[in-house]
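Visitor: I have a structure I would like to understand better, so I am pasting it below and will then ask my questions one at a time.
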Amino acid sequence: MSQSVAVFGAYGHTGRFVVTKLSERGFVPLLLGRDEGKLRALAESLEYRVASVDEPASLDRALTGTDAVINCAGPFASTAAPVIEAALRARIPYVDVAAEIEANVDTFTHFAERARTASVAVVPAMAFFGGLGDLLVTAAMGDWTSADEAHIAYGLSSWHPTAGTLAAGTVSRERRGGRRVRYTGGRLEYYVDEHDLPRMEWDFPEPLGRRSVFGEFTMTDVVTVPSHLVISEVRTYMTADAATGLAAGNAPVAIDALGRSAQTFTVDVIVRSGDTQRRVVASGQDIYAVSAPLAVEAVRRILTGQTRTSGVASAGEIFDAPDFLRALSPSISVEP
């Protein structure tokens, strides 16, 4: 019998990709959300249940009989904790696609002990930002037990954000109170800087090549990577063109039958220990679309026992990173 995986926020942009990928992988998606009209329109032959993070009983009813839940509904500052609570009550694995730094910090901080005691896997940021970077850094580390620096450069050809991305960004900015965030000296640091983000050149592998990037364009890798790897400095970068597109706020436009946009990406990861560097590069199409195979592969591995730990854990800690990355082909191409 096929296993049932609930998708909270199923009618959102990323949620739709996740529902499709679950069906392709032989799971039975159960569509969850607070808007019954949108659920009904998406469902076709699939089952749906109305649930709200403001009503814990509705989440309990929604998760009844399911084997796992994937949370695709942002802002995760509002949805992650209630859905994790419901997953713990149901004793089923929880995976989300959160890119919000503060929401992911909250998950590690507030649920680590409870999830470990319940032997329930809780994997936050199992998406393009956070999950993929963590897997790549972990794979690059190889047999190293520590490193001095990890650099994750995002070479996006463009960035047309979803409404969820924009809403999540607003919540994060409000929580930071105008401050910036970075991971330096072995800790997460909030700081005030009135200057523009530093701009520099980054030599991506061909065909992307040398591109202008913003330094200190901090993504949630600064939460996932240090959660299990001993690295003093974790720095992320974003191509300037993509950052400009994000600020413009134009929504993504589908160009193929899969619903993907024309956006392409290269994620260039370099880890350094002393005078030695190791590098891993990933590439693909549409950062929202590739979050689906990441999240679904995570659920598949959890349900088949291909994990290294339980409780709250990032992708690189709970899974065999090189093997996981190989499993993402052809959605994501990875080159050492």
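Visitor: What are the residues in region 75-95 that are in contact (Cβ under 8 Å) with a residue 40 or more places away in the chain and either under 26 Å from Thr309 (Cβ atoms) or assigned to a helix (DSSP H, G or I) (or both), if any? If you could, list the steps in order and put the result at the bottom.
Guide: At the first step, the residues of region 75-95 found to be in contact (Cβ under 8 Å) with a residue 40 or more places away in the chain are 75-80, 83, 93, 95.
Those that are in contact (Cβ under 8 Å) with a residue 40 or more places away in the chain and either under 26 Å from Thr309 (Cβ atoms) or assigned to a helix (DSSP H, G or I) (or both): Phe76, Ala77, Ser78, Thr79, Ala80, Val83, Pro93, Val95.
Visitor: Next question. For residues that are surrounded by 24 or more Cβ atoms within 10 Å (Cβ to Cβ) and assigned to a loop (DSSP other than H, G, I, E, B), tally how many sit in region 1-13. Reasoning before the result, please.
Guide: Taking region 1-13 as the starting set, the residues that turn out to be surrounded by 24 or more Cβ atoms within 10 Å (Cβ to Cβ) are 5-10.
Cutting the leftovers down to assigned to a loop (DSSP other than H, G, I, E, B) gives us 9-10.
Result for region 1-13: 2.
Visitor: Here's a check for you: in region 33-82, which residue that is open to solvent by 20 Å² or more (accessible area, probe 1.4 Å) and β-branched (Val, Ile, Thr) is nearest to Val18 (Cα to Cα)?
Guide: Among them, the one singled out is Val50.
Visitor: Say we look at region 209-232 and pick out the residues that are over 20 Å from the mean Cα position of the chain (by Cα) and open to solvent by 30 Å² or more (accessible area, probe 1.4 Å); which of these is nearest to Met141 (Cα to Cα)?
Guide: Val230
Visitor: Identify the residue in region 313-335 that is touching a helix residue (DSSP H, G or I) at 6+ places or on another chain (Cβ under 8 Å), of a type outside the set (Phe, Trp, Tyr) and in a loop (DSSP other than H, G, I, E, B) and, among all such residues, is surrounded by the most Cβ atoms within 10 Å (Cβ to Cβ).
Guide: Filtering first and then ranking leaves Ser314.
Visitor: For residues in region 19-51 being over 26 Å from Thr304 (Cβ atoms) and charged (D, E, K, R), which is modelled with the lowest pLDDT?
Guide: Glu44
Visitor: Oh, and also: Could you list, in sequence order, the residues of region 93-119 that are buried (at least 22 other Cβ atoms within 10 Å of the Cβ) and over 20 Å from Phe217 (Cβ atoms)?
Guide: Pro93, Tyr94, Val95, Asp96, Thr107, Phe111, Ala115
Visitor: List the number of the failed condition for Ser310; all other conditions in (1) open to solvent by less than 60 Å² (accessible area, probe 1.4 Å); (2) more than 20 Å from Pro124 (Cβ to Cβ) hold.
Guide: Unmet condition: (2).
Visitor: When you check Val123 against the structure, is it among the hydrophobic types (A, V, I, L, M, F, W, C) and open to solvent by 40 Å² or more (accessible area, probe 1.4 Å), yes or no?
Guide: Working: among the hydrophobic types (A, V, I, L, M, F, W, C): yes; open to solvent by 40 Å² or more (accessible area, probe 1.4 Å): no.
No: the conditions fail for Val123.
Visitor: Taking Glu174 as meeting all but one of (1) under 30 Å from Asp275 (Cβ atoms); (2) in a helix (DSSP H, G or I), write down the number of the exception.
Guide: Glu174 satisfies every listed condition except (1).
Visitor: Counting just the residues of region 142-198 that are more than 15 Å from Phe217 (Cβ to Cβ) and of a type in the set (Val, Ile, Thr), which one comes out most open to solvent (accessible area, probe 1.4 Å)?
Guide: In this case the residue turns out to be Thr145.
Visitor: Still on this structure, please answer the following. Of the residues Glu206, Glu297, Glu194, Glu189, only one is of a type in the set (D, E, K, R), under 16 Å from the mean Cα position of the chain (by Cα) and over 17 Å from Ala99 (Cβ atoms); which? Full working, then the answer.
Guide: Numbers: Glu206 fails: under 16 Å from the mean Cα position of the chain (by Cα); Glu194 fails: under 16 Å from the mean Cα position of the chain (by Cα); Glu189 fails: under 16 Å from the mean Cα position of the chain (by Cα).
From the options Glu206, Glu297, Glu194, Glu189, the qualifying one is Glu297.
Visitor: Follow-up question, since we're still on this one. Given the conditions (1) farther than 23 Å from His110 by Cα; (2) among the aliphatic types (A, V, I, L, M); (3) open to solvent by 30 Å² or more (accessible area, probe 1.4 Å), and given that Ala240 satisfies all but one, which numbered condition is not satisfied?
Guide: Going through the list (1) farther than 23 Å from His110 by Cα; (2) among the aliphatic types (A, V, I, L, M); (3) open to solvent by 30 Å² or more (accessible area, probe 1.4 Å), Ala240 breaks only (3).
Visitor: I'm told Arg16 meets every condition in (1) buried (at least 16 other Cβ atoms within 10 Å of the Cβ); (2) of a type in the set (Lys, Arg); (3) free of Cβ contacts under 8 Å to residues at least 12 places away in the same chain except one. Can you identify the failing condition by its number?
Guide: (3)
Visitor: Given the options Val18, Val7, name the one that is closer than 17 Å to Leu59 by Cβ, β-branched (Val, Ile, Thr) and within 18 Å of the chain's Cα centre (by Cα).
Guide: Values: Val18 fails: closer than 17 Å to Leu59 by Cβ.
After ruling out the rest, the residue left standing is Val7.
Visitor: In region 120-131, which residue that is aliphatic (A, V, I, L, M) and more than 16 Å from Val18 (Cα to Cα) is farthest from the chain's Cα centre (by Cα)? Write out each step before concluding.
Guide: Within region 120-131, the subset aliphatic (A, V, I, L, M) is 120-123, 125-127.
Filter once more, so that each one left must be more than 16 Å from Val18 (Cα to Cα): 120-122.
Details: Val120: 19, Ala121: 16, Val122: 13 Å.
Going through the qualifying residues, I end up with Val120.
Visitor: Could you figure out which of (1) part of a strand (DSSP E or B); (2) within 30 Å of Ser261 (Cα to Cα); (3) more than 21 Å from the chain's Cα centre (by Cα) isn't true of Ala147?
Guide: So the condition that Ala147 fails would be (2).
The values are calculated or read from the model by the stated rules, or taken from the named source; none is laboratory data. Predicted model, so just to flag it, every value in this text is computed and none were measured. Ideal geometry is used to build each Cβ from the backbone, glycine not excepted, and the neighbour counts take in all protein chains shown. SASA here: full protein model, heavy atoms, side chains in, ligands and nucleic acids out. Shrake-Rupley method; radii C 1.70, N 1.55, O 1.52, S 1.80 Å.
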